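See below for the structure under consideration.
A short reminder: the numbers here are calculations on the coordinates, not readings from a lab. In this text the structure is predicted, and so the values were computed from the model without any measurement. Note that we place each Cβ from the backbone using ideal geometry, even for glycine, and neighbour counts take in every protein chain shown.
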Amino acid sequence: MGKADLERVAITNTDLGGYDVEQILAAPSASHRTADPAECAPVVQATGGSSGFTATARIGRMMSPKEDGPGTSMILASHSAGDAARVIDALRTAAKRCKTFLDVGVGFRYDEVDIQPDPGYGDESVSLRLTQLAAASADDEPVRVPYAVVAVRQGATVAMFYEFNRPRGTGDAEAAVVPEEIVRTQLNKLGRSAVPK
């Protein structure tokens, strides 16, 4: 699938009531975000909806609830069938091995990486939660920002959903959750298209 095909099958305001859907930038090139330890790179890449694999095409969407609440981002990527499977496998493997790691590029640490029960989306899927420790400087107390990532392979297309829930005021933020309604709506639209396996 090329970029025009992905644009055609991406969810819009018409498909998803209760949300404002906007385009976000996404490049087809492989992500160069790195982690320490290096084997954790697929997880840090997934927190931005990408992977270490070059795609045929990638597009992005941001779904912001019309009512109060965090927005969900989605990156749709078209790959060769082999690479699509490798994206999911690399993320699953890294999430199992990495409970804490450093995002080398920005210097933020992530911890509490926890693979969730397989949601059973598409041909295969991975769901995980983790926490970003964001600090303006080394001397500041880090803010704990919960993240959720859901990656789904449907044929040779990978849909990567991610959401974070920044705390408001004092205390911890609630756990981040990618709404099932968003995932199901996108996968149903993909399923109605002629997506090559």
If you take the Cα atoms of the range 116-185, find Rg, then find the Kirkwood Rh from the mean of 1/r over all pairs, what is Rg/Rh?
1.10
Rounded to 10°, Cα long-axis angle of helix 180-191 versus longest principal axis of the chain:
30
What shape does the range 1-52 take by its C-alpha gyration tensor, where a ≥ b ≥ c are the square roots of the eigenvalues and a/c under 1.5 counts as rounded, a/b above b/c as prolate, and the rest as oblate?
prolate
Please determine, in degrees from 0 to 90 and to the nearest 10, the orientation of helix 81-97 with respect to the longest principal axis defined by the Cα atoms of the chain, where the helix direction is its Cα long axis.
20
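At most 14 other Cβ atoms within 10 Å and a DSSP loop assignment: could you name the trypsin sites (Lys or Arg not before Pro) in the range 1-49 that fit?
On the way: sites: LYS3, ARG8, ARG33; in loops: ARG33.
The qualifying sites: there are none.
For each of PHE161, PHE108, count neighbouring Cβ atoms within 10 Å of the residue's Cβ, then give the residues from fewest to most. Provide the component values of the computation, followed by the final result.
Working: PHE161 25, PHE108 17.
With the fewest neighbours first, PHE161, PHE108 line up as PHE108, PHE161.
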